[in-house]
Amino acid sequence: MPTWQKAFSFLFFPFFFSLLKCVRSGASKTLNAHIMHTFQIKTYRKNSTSSKPHFFILSKGLNAGKPLETPCPNCFTINTESEEARNFYFWLSYGLWQARAFTPYLTGSVVPFIRIGDARTVLLAGQEKALKDRRKYLKSLALLQDFEKKAKILQKQVELVKQVKRAIMFQILLK
């Protein structure tokens, strides 16, 4: 084998493997881009509607950051590309609200509020952490949703107990 062919084969393989590594890393970035969701956050306006999947986040008061199914005057609208992304961000913001992640960003002396940029920052930081350890996040999310269902059942039971107490006192005092 001539020396130029040996030199070519010697130089070709490192080049080929480095090229292969670049292609693979580009493919993995593309794959991760499909995993990561995107969202738009805007101030809620009463007359505007969105055809995309969306939900609302409370922007004023001590419960700022709380996700809502229905809008209120003091909230942000979170628009997403898919229903899956909407559910991801809804429960992410619910978890962040439960963990009081929005609290350090509240400003204002009488009625505290969160700025739209700060809400975006908290959501993006939460998204990064959730996607970093996705299995742990999904497990925690399942627990959170389970406890939310149990809390609703308990609230209904407390309301029924209040109604029974009213009925008992009504029979005794007002009948």
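Miscellaneous remarks
- Net charge of Cβ neighbours under 13 Å - reference Thr107; Lys, Arg +1; Asp, Glu -1: +1
- Calculated FRET efficiency for the pair Glu148/Ile172, C-beta based, R₀ 45 Å, to 0.05: 0.75
Bear in mind these aren't lab numbers, they're just calculated from the coordinates by the rules spelled out. Quick caveat, the model's predicted, so the values are computed rather than measured. Virtual Cβ from ideal backbone geometry, glycine too; neighbours counted across all protein chains shown.
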